[in-house]
Amino acid sequence: QVQLVESGGGLVQTGGSLRLSCAASRSIFGIDTMGWYRQVPGKQRELVATITSGGSTNYVDSVKGRFTISRDNAKKMVYLQMNSLKPEDTAVYYCNAQLFAISYWGQGTQVTVSS
């Protein structure tokens, strides 16, 4: 299993940037897919971005060109660089790891974008 801890959330103005970090409790070399999801109250959690062990990335359309996901296997870290933030990006952001068909989640970090 793996524990995930997110950090880097906060309050930012429209157009600003934040970098979210996700620290894993174990090596992520063997974890094929890691990702970031987000959730607002009353709505389902949605995929934001994923990255495979080979470096292939996938983004939801609404963040393409603004967000970048990356991973540092040696440091056991996954990052989400968020630029040109919009009020609709406001949500709790969760780190996710898919390991042996089990989905692991962090506790989430709040991102609030003011207009």
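The values are calculated or read from the model by the stated rules, or taken from the named source; none is laboratory data. Every value quoted in this text rests on a predicted model; they were computed, and no experiment measured them. So basically every Cβ, Gly included, is an ideal-geometry build from the backbone, and we count neighbours across all protein chains shown. When the accessible area is computed, the model is the full protein with side chains, heavy atoms only, and any ligands, DNA or RNA have been set aside. Shrake-Rupley method; radii C 1.70, N 1.55, O 1.52, S 1.80 Å.
Quick notes on this structure:
- Placing a label point 7 Å from the Cα of Ala74 along the Cα-to-Cβ direction, the residues of the stretch 7-35 whose backbone N falls under 16 Å from that point are 27-29.
- Nearest-20 debye value, the chain charge dipole, Cβ charges on Lys, Arg, Asp, Glu: 120
- Globularity ratio of the stretch 24-71, using Cα Rg and 2.2 N^0.38 Å: 1.26
- Farthest toward positive dipole pole in the stretch 1-74 [+1 Lys/Arg, -1 Asp/Glu at C-beta], among Val12, Phe67, Thr57: Val12
- For the chain, taking the reciprocal of the average inverse distance between every pair of different Cα atoms yields a Kirkwood hydrodynamic radius of 14.0 Å.
- For the stretch 48-79, the residues whose amide N sits under 12 Å from a probe point set 7 Å from the Cα of Ser17 along the beta carbon direction are 66-68.
- For the stretch 22-115, the set of chymotrypsin sites (Phe, Trp or Tyr not before Pro) satisfying both a DSSP loop assignment and a count of at most 12 other C-beta atoms within 10 Å is given as Phe29, Phe100.
- Amide H partners (placed H, <5 Å) of Gly10, local residues excluded: Val111, Thr112
- Shown for the chain: the carbon plus sulfur share of the solvent-accessible area, taken with all protein chains present and a 1.4 angstrom probe, equals 50%.
- Taken per residue, the accessible surface of the stretch 1-41 reaches 49 Å², heavy atoms only and a 1.4 Å probe.
- Cross-link partners of Lys64 among aspartates and glutamates (Cα-Cα below 15 Å; sequence separation of 8 or more within a chain): Glu46, Glu88, Asp89
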